[in-house]
Amino acid sequence: MKTKKTVISLEDRRVNVKAKLAFLWVALMFLYIYNDLFSFMQPGHVADLVEGHLEGVKFTQTMLFSAAVLMAFPSFMVLLSLILKARANRLVNIIVGVLHIFVLIGTQFVGEGDVWFYWRFYELLEAAFLVLIIWTAWKWPTIES
């Protein structure tokens with residue numbers, strides 16, 4: 001007498017593109033935050049911040065406001081990735097992702113001190129997540145009408 005074996009397969013549902021993009025922006029924000037938090041552990045870093053400068057860059061109202069606007073984009077992108085219609089969503093994610101890549105490249109030329117390895121590691125991860133965001137938006141699934 002033969003017995004039938006039951007085969008159990010794990011369910012593997014497809015994640016919605018909007019949710020993927022929102023999660024990627026959240027992960028990118030965590031990378032930004034941890035990179036900055038680890039900076040506080042560098043010798044002399046906190047003292048320089050208290051004095052209003054860092055690595056030759058003096059903090060001004062305009063510079064800090066600009067940085068705040070720039071860092072607000074990922075937070076808005078979480079929301080926009082979930083609520084925008086597909087066409088606008090795709091375009092906005094690509095544009096903001098490319099903008100953040102340019103910022104990432106631009107920050108390579110700011111400051112005077114030695115760059116620590118953790119900083120480069122986080123920058124590589126940030127670049128990878130930005131490329132994933134752009135790629136995911138670029139490859140947005142289409143349907144034939």
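If you roll a 1.4 Å probe over segment 67-132 with all protein chains in place, what percent of the accessible area is carbon or sulfur?
Carbon and sulfur atoms account for 78 percent of the accessible area of segment 67-132.
Which loop-located trypsin sites (Lys or Arg not before Pro) does segment 12-81 contain, where loop means any DSSP state but H, G, I, E or B and the Cβ has at most 10 other Cβ atoms within 10 Å?
When the trypsin sites (Lys or Arg not before Pro) of segment 12-81 are filtered for loop state and at most 10 Cβ neighbours within 10 Å, ARG13, ARG14 remain.
For the chain, modelled as a GNM with alpha-carbon contacts under 10 angstrom, which of VAL78, VAL17, VAL69 fluctuates the most?
Taking springs between Cα atoms under 10 Å, the residue moving most is VAL69.
Expressed as a fraction of 2.2 N^0.38 Å, the rule-of-thumb size for a compact globular protein of N residues, what is the C-alpha radius of gyration of the chain?
In units of the globular-protein estimate, the chain measures up at 1.42.
How big, on average over all directions, is the shadow cast by the Cα convex hull of segment 62-145, in nm²?
Taking a quarter of the hull surface, the average projection is 6.7 nm².
Where in segment 86-129 are there GluC sites (Glu not before Pro) that are in a DSSP coil and have at most 11 other Cβ atoms within 10 angstrom of their Cβ?
Passing both the DSSP loop test and the Cβ count: GLU112.
For a Förster distance of 35 Å, can you work out the FRET efficiency between the beta-carbons of THR60 and TRP116, rounded to the nearest 0.05?
0.90
Need the full-extension length gain, MET71 to VAL98, defined as separation in residues times 0.36 nm minus the C-alpha distance. One decimal, nm.
8.3 nm
The values are calculated or read from the model by the stated rules, or taken from the named source; none is laboratory data. This one's a predicted model, so the numbers in the text were calculated from it and none came from an experiment. Quick reminder, even Gly has a Cβ in these numbers, built from the backbone with ideal geometry, and neighbours come from all protein chains shown. Areas reflect the complete protein model, heavy atoms only, side chains present, ligands, DNA and RNA absent. Shrake-Rupley method; radii C 1.70, N 1.55, O 1.52, S 1.80 Å.
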